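J.: After the structure tokens below, expect a handful of questions from me.
The values are calculated or read from the model by the stated rules, or taken from the named source; none is laboratory data. Quantities reported herein were computed from a predicted structural model and do not represent experimental measurements. Positions of Cβ are generated from backbone atoms using ideal geometry, with glycine treated the same way; all protein chains shown enter the neighbour counts. All accessible areas refer to the heavy atoms of the entire protein, side chains included, with ligands and DNA or RNA removed. Shrake-Rupley method; radii C 1.70, N 1.55, O 1.52, S 1.80 Å.
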Amino acid sequence: MTQPKRTGEWPLFEVFIRGQHGLSHRHVGSLHAPDAEMAIKNARDVYTRRNEGVSIWVVEAEAIHASAPGDKEALYDPANDKVYRHPTFFDVPDEVGHM
Amino acid sequence: MYAQMIKSTGQGVKSLDEMEPQERAFQERIDANGKIEPKDWMPDGYRKNLIRQIGQHAHSEIVGQLPEGNWITRAPTLERKAILLAKVQDEAGHGLYLYCAAETLGITRDEMFEALHEGRMKYSSIFNYPTLTWADMGAVGWLVDGAAIMNQVPLQRTSYGPYARAMVRICKEESFHQRQGFDIMMKMCNGTDAQKKMAQDALNRFWYPSLMMFGPSDKDSVHSAQSMAWKIKMNTNDELRQKFVDQTVPQAEYLGLTVPDETLKWNDEKGGYDFAEPDWNEFFDVLSGNGPCNHDRLETRKQAWEDGAWVRDGMLAHAAKKRAAKMAAE
């Protein structure tokens, strides 16, 4: 997501917002601003015009490190054959009731 | 639509057998309704087409503020003024969501602005028509935003993740725009004879330009076929136009207004209206720069950008100064 820097262009920030209901901050989009303080102000105008959130994080897009799309198999395939990690793998007899 | 006349850069649609393994995997993912994300491999044509389409859509949102901004200071009540202000602010927001989505494809927002200002990128033909009366604010919300929604709802399922996500946000906000327009029309149609006449006049002027928003028939176009295979276009222009007419005619009847088309007639067999095509020569003329307001819109937009330059530069300088002061203190 790193952009080619050109002179006079405001840097790109990624915006994360915590919604009303106590959930984690969630990525909502990005915007340009001269610095972090203005990025928060701009994020308020661009991403919370309808009470979408109670808290804003902004991070310079350059500072984000991401996994490579090509690593998908190596990273996530090992989880595929471990169905026992899900509670539904185990049969609980009806007599035992809710567990 | 907001992205009219986007010609694909592909050479017609390839079959899966003709594709190299990488492109084949890409197409299969799209066929299975999977999403393409910024760092994923994608064909050059897909990337270029999306930049043009999303960019043009973003420019339309930004230029689209101008015909309505014109009426903010002239709104008939404080409430209408506040509503119109909120709507125009939304359009700015929609432009920003879309520029962000386009930026994930490797172009910057400032580069897109330059392309717009130099005429290398377009915006929707609809914004080159003047807004002459307050009823035009009603007609724009009702018809123009109505047509936009028709196009944008299916785009929430488009194959490019950032574009689809921007579209979800936009659609959520857009229906307020259409309703506030219809509300203005209702008010005027229940008003004095002069007000009702004004509403009819606005419908007369905006009906055909609204139909043009969907673009000319593209059922045989190779460009459209490629865009549809890539799922960056979800329906043909004709499908969407038909849907728009079928939805809008009963609303006009409710308002007691007459759609300015003598040939308009319900067709039981197809379950939709038969209607007259807009004047496509006018459409191409407006798109190539000869509409009533092309010059004015672009000049206003460029002026705003140039007038804002000292603010942008000043804020960057201020940010640099603050950063330096903070480092000196540490």
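J.: When you look at B:Asp274, is it of a type in the set (Asp, Glu) and exposed (fewer than 12 other Cβ atoms within 10 Å of the Cβ), yes or no? Steps first, answer last, please.
T.: Details: of a type in the set (Asp, Glu): yes; exposed (fewer than 12 other Cβ atoms within 10 Å of the Cβ): no.
For B:Asp274, the condition - of a type in the set (Asp, Glu) and exposed (fewer than 12 other Cβ atoms within 10 Å of the Cβ) - is not met.
J.: Working only within region A:35-63, note down all residues that are touching an Asp or Glu at 6+ places or on another chain (Cβ under 6 Å) and in contact (Cβ under 8 Å) with a residue 60 or more places away in the chain.
T.: So the first thing to find is which residues in region A:35-63 are touching an Asp or Glu at 6+ places or on another chain (Cβ under 6 Å), and the list is A:59, A:61.
Passing the criteria: only A:Ala61.
J.: Please give the number of the condition A:Gly8 fails out of (1) without any contact (Cβ under 8 Å) to a residue 24 or more places away in the chain; (2) of a type outside the set (Lys, Arg); (3) in a helix (DSSP H, G or I).
T.: Answer for A:Gly8: the failing condition is (3).
J.: Let me ask you something else. Going through A:Ala39, A:Ala74, A:Ala43 one at a time, which residue ends up being in a helix (DSSP H, G or I) and either away from chain B (no Cβ under 12 Å) or open to solvent by 80 Å² or more (accessible area, probe 1.4 Å) (or both)? Talk me through it step by step, then tell me what you get.
T.: Working: A:Ala39 fails: either away from chain B (no Cβ under 12 Å) or open to solvent by 80 Å² or more (accessible area, probe 1.4 Å) (or both); A:Ala43 fails: either away from chain B (no Cβ under 12 Å) or open to solvent by 80 Å² or more (accessible area, probe 1.4 Å) (or both).
Just one listed residue meets the conditions, A:Ala74.
J.: Restricting attention to region B:155-194, report how many residues are in a helix (DSSP H, G or I) and either within 14 Å of another protein chain (Cβ to nearest Cβ) or within 30 Å of B:Asp40 (Cα to Cα) (or both).
T.: To start, the set of residues in region B:155-194 that are in a helix (DSSP H, G or I) comprises B:155, B:161-189, B:193-194.
Going one step further and asking which of them are either within 14 Å of another protein chain (Cβ to nearest Cβ) or within 30 Å of B:Asp40 (Cα to Cα) (or both), we end up with B:155, B:161-177.
Going through region B:155-194 one residue at a time, the tally reaches 18.
J.: Can you name the condition, by its number, that A:Gly22 falls short on among (1) within 14 Å of another protein chain (Cβ to nearest Cβ); (2) assigned to a loop (DSSP other than H, G, I, E, B)?
T.: Of the numbered conditions (1) within 14 Å of another protein chain (Cβ to nearest Cβ); (2) assigned to a loop (DSSP other than H, G, I, E, B), the odd one out for A:Gly22 is (1).
J.: Shifting gears a bit: Yes or no: region B:287-307 includes at least one residue that is without any contact (Cβ under 8 Å) to a residue 40 or more places away in the chain, open to solvent by 40 Å² or more (accessible area, probe 1.4 Å), within 27 Å of B:Gln180 (Cα to Cα) and not in a helix (DSSP H, G or I).
T.: No: zero hits.
J.: If you take the residues in region A:46-62 that are open to solvent by 50 Å² or more (accessible area, probe 1.4 Å), at pLDDT below 95 and within 30 Å of A:Glu9 (Cβ to Cβ), which one is farthest from the other protein chains (Cβ to nearest Cβ)?
T.: Per the criteria, the residue is A:Glu62.
J.: May I pose another question? Is there any pair linking a residue in region B:265-276 that is touching a residue at least 12 places away in the same chain (Cβ under 8 Å) to one that is hydrophobic (A, V, I, L, M, F, W, C), with Cβ under 7 Å and at least six apart or on different chains, and which?
T.: Short answer, once both residue conditions are applied: B:Tyr273/B:Val245; B:Tyr273/B:Val249; B:Tyr273/B:Leu264; B:Tyr273/B:Trp266; B:Phe275/B:Val245; B:Phe275/B:Leu264.
J.: Given the criteria more than 12 Å from every other protein chain (Cβ to nearest Cβ), surrounded by 10 or more Cβ atoms within 10 Å (Cβ to Cβ) and in a loop (DSSP other than H, G, I, E, B), does A:Val92 qualify?
T.: Numbers: more than 12 Å from every other protein chain (Cβ to nearest Cβ): yes; surrounded by 10 or more Cβ atoms within 10 Å (Cβ to Cβ): yes; in a loop (DSSP other than H, G, I, E, B): yes.
Yes, satisfied.
J.: Given the conditions (1) out of contact with any Asp or Glu (no Cβ under 8 Å at 6 or more places or on another chain); (2) at pLDDT 95 or above; (3) among the β-branched types (Val, Ile, Thr), report the number of the one that B:Ile62 does not fulfil.
T.: Unmet condition: (1).
J.: Taking B:Gln4, is it more than 26 Å from the chain's Cα centre (by Cα), modelled with pLDDT under 95 and of a type outside the set (D, E, K, R)? Outline the logic, then answer.
T.: Values: more than 26 Å from the chain's Cα centre (by Cα): no; modelled with pLDDT under 95: yes; of a type outside the set (D, E, K, R): yes.
Criteria not met by B:Gln4.
Residues are listed down the side, and each one gets a yes or a no for (1) β-branched (Val, Ile, Thr); (2) within 8 Å of chain A (Cβ to nearest Cβ); (3) open to solvent by less than 30 Å² (accessible area, probe 1.4 Å):
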| site | (1), (2), (3) |
| --- | --- |
| B:Arg74 | no, no, no |
| B:Thr77 | yes, no, no |
| B:Ile83 | yes, no, no |
| B:Lys87 | no, no, yes |
| B:Gly95 | no, no, yes |
| B:Tyr99 | no, no, yes |
| B:Ala102 | no, no, yes |
| B:Thr108 | yes, yes, yes |
| B:Glu114 | no, no, no |
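J.: Let me ask something additional. Considering only region B:33-65, state which residues are open to solvent by 80 Å² or more (accessible area, probe 1.4 Å), farther than 30 Å from B:Ser210 by Cβ and more than 14 Å from chain A (Cβ to nearest Cβ).
T.: First, pick out the residues of region B:33-65 that are open to solvent by 80 Å² or more (accessible area, probe 1.4 Å): B:33, B:39, B:41, B:44, B:48, B:52.
So of that shortlist, the ones also farther than 30 Å from B:Ser210 by Cβ come out as B:33, B:39, B:41, B:44.
Once the filter is applied, which keeps residues that are open to solvent by 80 Å² or more (accessible area, probe 1.4 Å), farther than 30 Å from B:Ser210 by Cβ and more than 14 Å from chain A (Cβ to nearest Cβ), region B:33-65 yields B:Asn33, B:Asp44.
J.: Being part of a helix (DSSP H, G or I), surrounded by fewer than 14 Cβ atoms within 10 Å (Cβ to Cβ) and at pLDDT 95 or above, is that true of even one residue in region B:256-269?
T.: If we filter region B:256-269 for residues that are part of a helix (DSSP H, G or I), which is where we start, we get none.
For region B:256-269, residues part of a helix (DSSP H, G or I), surrounded by fewer than 14 Cβ atoms within 10 Å (Cβ to Cβ) and at pLDDT 95 or above: absent.
J.: Moving to a separate point now. Here are B:Met315, B:Met327: which of them is touching a helix residue (DSSP H, G or I) at 6+ places or on another chain (Cβ under 8 Å) and not in a loop (DSSP other than H, G, I, E, B)? I'd like the intermediate steps shown before the answer.
T.: Values: B:Met327 fails: touching a helix residue (DSSP H, G or I) at 6+ places or on another chain (Cβ under 8 Å).
Step by step, each of B:Met315, B:Met327 is checked, and only B:Met315 is touching a helix residue (DSSP H, G or I) at 6+ places or on another chain (Cβ under 8 Å) and not in a loop (DSSP other than H, G, I, E, B).
J.: Within region B:130-152, can one find any residue that is modelled with pLDDT of 95 or more, over 26 Å from B:Val286 (Cβ atoms) and buried (at least 20 other Cβ atoms within 10 Å of the Cβ)?
T.: Checked region B:130-152: no residue is modelled with pLDDT of 95 or more, over 26 Å from B:Val286 (Cβ atoms) and buried (at least 20 other Cβ atoms within 10 Å of the Cβ).
J.: Is there a residue in region B:161-173 that is of a type in the set (Asp, Glu), more than 25 Å from B:Phe283 (Cα to Cα) and in contact (Cβ under 8 Å) with a residue 40 or more places away in the chain?
T.: yes
J.: Do the conditions hold for A:Asp81, that is, is it in a loop (DSSP other than H, G, I, E, B), more than 9 Å from chain B (Cβ to nearest Cβ) and at pLDDT below 90? Working first, answer last.
T.: Numbers: in a loop (DSSP other than H, G, I, E, B): yes; more than 9 Å from chain B (Cβ to nearest Cβ): yes; at pLDDT below 90: yes.
Judged against the criteria, A:Asp81 is a match.
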